[in-house]
Structure formats: C-alpha cells, structure tokens
Amino acid sequence: MKKLLGLATVIVAFISFTAMTIMAPEFKFEKETHDFGTIQYNKPASFEFSFSNTGDAPIIIMEVAPSCGCSVAEFTKNPVKPGDSGKIKVTYNAAAKGPFTKSFTVKSNTKTPIKTLTIKGNVE
C-alpha cells in the first residue's frame, strides 16, 4: 500500500510539473544588449527593451533590478498576455566619465525566470 501511495504521489507531481512547464510564459526580446555608443556627461541616457510573450500564459514581471545605483528601470506592471508585447525602459545617469557596462536582472514567472539585459557605452 505504501509503495502504491508513493508511486501515485510521484505521478501527480510529474503531471503537475509538466502542466506548469507546458503552460509557462516566455520572453522573446528584440535585443538583450544595447550599445549607446558615446553619450554626454551628466545627460541621462534611456533605452526601451521590447519583448513579446511567446508562451502560453501571461508574463508577470516581479522586478527589474539594476546592477548599481546609477541606473533605474521602469517596466510593464500589468500581465502581458500570450502574443502581446511589453517594454522595459532603462536609464543610465551618465554621472561618471569613461566606458560603462551595466546590467539589469529581470525576475518573472517565465520558463527562464531570471533574464539579464545589458547596456554599455562611453561617457564623454
């Protein structure tokens, strides 16, 4: 009886996991890295990363965390339905001269729950 109960538990867990995987949303970004080239000192530079939901369930973005305090991110707060698109706008404050590379960690309910977007450039 214990073996049968254990086997039934494993089967239910497998079916639940498979259903979650099949019904998972997924990002498709137009691009995941943006090069600003040369930007002016003390002039914030922004870029919008566009994405579409190629999965089977709505995408919910929980957080977009910049790698430092010199950058901020705004993102689509409403769930993004399958086939729809959304945006993540990132802004770098350009308060330090020289080359820069900054990343933004996107946390969501997608098949790949953590995605990294990158901006780079040179401040003159």
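No lab work stands behind these numbers, since they all come straight from the coordinates. Just so you know, these numbers come straight off a predicted model, no measurement behind them. Cβ placement follows ideal geometry from the backbone for every residue including glycine, while neighbour counts extend to all protein chains displayed.
In summary, the aspartates and glutamates within cross-link reach of residue 107, defined as a Cα separation below 16 angstrom excluding same-chain residues under 8 places away, comprise 26, 32, 63, 74.
Using per-residue counts of other Cβ atoms within 10 Å, averaged over each peptide, order 62-71, 112-121 from highest down.
Those peptides, ordered most packed to least, come out 112-121, 62-71.
Backbone geometry of the range 31-41 corresponds, through the Karplus equation with coefficients 6.51, -1.76 and 1.60 at θ = phi - 60°, to 3J(HN,Hα) couplings of 7, 10, 9, 10, 9, 6, x, 9, 10, 7, 4 Hz, x marking Gly and Pro.
Which pairs break 28 Å Cα to Cα here: 77/115; 81/120; 77/97?
Numbers: 77/115 17 Å; 81/120 30 Å; 77/97 33 Å.
Check vs 28 Å cut-off fails for 81/120; 77/97.
Spin-label model, residue 67/residue 48: points 7 Å from Cα along the beta carbon direction are separated by 2.5 nm. Seen from residue 73, the other residues with C-beta closer than 13 Å to its C-beta sum to a net charge of +3, counting Lys and Arg as +1 and Asp and Glu as -1.
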